[in-house]
Each structure stands twice: as structure tokens, then as C-alpha cells.
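Since every read-out is calculated from the coordinates, none of them should be taken as a lab result. All values derive from a computational prediction rather than experimental measurement. Please note: Cβ atoms are built from the backbone with ideal geometry, for glycine as well, and neighbour counts cover all protein chains shown.
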Amino acid sequence: MLNVDRIETTAVVTLDRPEAMNALSRALRARLHDAVLELSADRTVKVLILTGAGRAFTAGLDLKELGSDPRGLGAANATSAAENPVQAILECPKPVIGAINGVAITGGFELALACDVLIASTAARFADTHARVGILPGWGLSQRLSRIIGPYRAKELSLTGNFLDAPTALEWGLVNRVVKPEALMPAALALASDMASIPQDTLEAYKRLIDEGYELPFGSAMAHEHAVSSAANAKVTPQMVEERRLAIQARGRRQ
């Protein structure tokens, strides 16, 4: 149902219900939430990669299961650990790379949007079918998508339920890059390795600074950056700067 593989300091988390297009059953949602929580607290892990097995990233919530839930589709809006893995990903202090191998639909689209970076296979496609199912999103899609691709494009996707292919997703700024299916995991692992070469405290602090600032008006965000960086940079000694300068130069010669 969910596999976690560790490759050096990277944890690859794979949704593994390929027979159901990795639909997010209640059990899978709880397992994903718990796994992300465990990895967030594990200091031997610096970066997470989230992907799916088979031909889907995830088709979203398991509608067959929800249809038999006595709470009805309102269960989809529950915010408990067993229902909302998106929140666990959003709160993860470490970078989360979404390796989108196939379709990411509705709740699966929301799961992808919770990641920090998206690399898509040419086979990836995105769709928001909330309206076609007759429900409204509760995991942030209506707000997060419009902030990434703009309200006009977000409304086109959400008010039609149409699919967005990988090249268009790249053009619209939804994903960072598009690669061939066989190159997806190598590309994600290479990016994770680059991130993992940053000191862990700095990696997590910088991610947090971007996220916190993005939620603020621009002027407030600039003031927030100044306050946070002033406190953090005061702890950096000239010797530390010199050591890191030499390391940057050495890395530049290797690239």
C-alpha cells in the first residue's frame, strides 16, 4: 500500500495501490500521514520524494470507499491524521519533491500541490474533478492552484474538470520540468542529492523562510526575511564563510 525506500539521505515514498490507480483510501491516507510524520522527525533523512506505482501518481480519494462511508463525502474534509495527509506534507520541515509519474486527479492533484518541487513524466496529467463529482475541495486546491498558475487558468481547469498535460503544465509554471518516464526517478534523485548537500539546518530554515514569506503581503515578507536572516546570519563566523566558499568553488569545478 505504501513503500518507503531510503537512498542515502533521501526517502522515496511510493503510493502502491496500482490496481486502484493509487486511490487514497482511508488506510492509505493514514499510512502516508504517519510515514511523512516519521520521516519529518528522522534526522538521517534530508529530502523526501513522493511518487506513485504503476500508471498513476494517484487518482485521488477512493470514491468507492467514500460512497459507503456513513459520514458521506463530508469525510473528505476531515482534518484528522487518518484523513488529511496533505497537511502532513505541508508541515514537513524537509523539502518534498513530487515525482509525478502519471495522472494526479482531484485529491491527488492536491497532494501534488503540497510538494515543494514537481518533476513530471511526459505521461503525467493533472485534473480537478471536484465540480464534476459535485463536491468542493477541502485540501487547498481552490486556493493553492490559483496562486501558482493564476486565477484564469485555475478556473479553466476547475470549472471544466479537463485534463492538463505535462507540457502545458510546464508552460503554465505548475511543474519545474518534464522528463521521459524512464528519466523521472533519476532526475528526482539527482535533485534530492543536490538539496541534501546543503547543511540540514540551513535547508530546513530556507524552506521555512520561503513558505512563511509567501503567506504574507510583500512588505511584511521582506521585513520577516530581514528579521529571520539577521538572527541566523549573526551566528555565522568568518571561518564558516570561508570553508563554505571553498566548497562552493570545488562544486562549481565538478559541474
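Tabulated data
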item	result
Cα→Cβ-extended label distance, 7 Å offset, between Val133 and Ser220, nm	3.2
Calculated Rg and Dmax of the range 200-254 using C-alpha coordinates, Å	14.0, 40
Dipole magnitude of the chain, debye to nearest 20 (Cβ charges: Lys/Arg +1, Asp/Glu -1, about Cα centre)	400
Most fluctuating residue given options Ser193, Ser40, Ser230, as computed from a GNM of the chain linking Cα atoms under 10 Å	Ser230
Whole-percent pair-distance distribution, where bins are 5 Å wide, for the alpha carbons of the chain	1, 6, 12, 16, 18, 17, 13, 8, 5, 3, 1, 0, 0
Sites Ala250 and Asn3 - FRET efficiency at Förster radius 41 Å, r taken between beta-carbons, to 0.05	0.70
Residue-span extension gain [Leu159 to Val236] - 0.36 nm each, minus C-alpha spacing	22.7 nm
Convex hull projection area averaged over all views, the range 89-130, Cα basis, nm²	2.8
Modelled FRET efficiency - R0 25 Å, Ile148 with Glu91, Cβ distances, 0.05 increments	0.85
Loop GluC sites (Glu not before Pro), the range 208-251 (other Cβ atoms within 10 Å of the site Cβ: 12 or fewer; DSSP)	Glu215
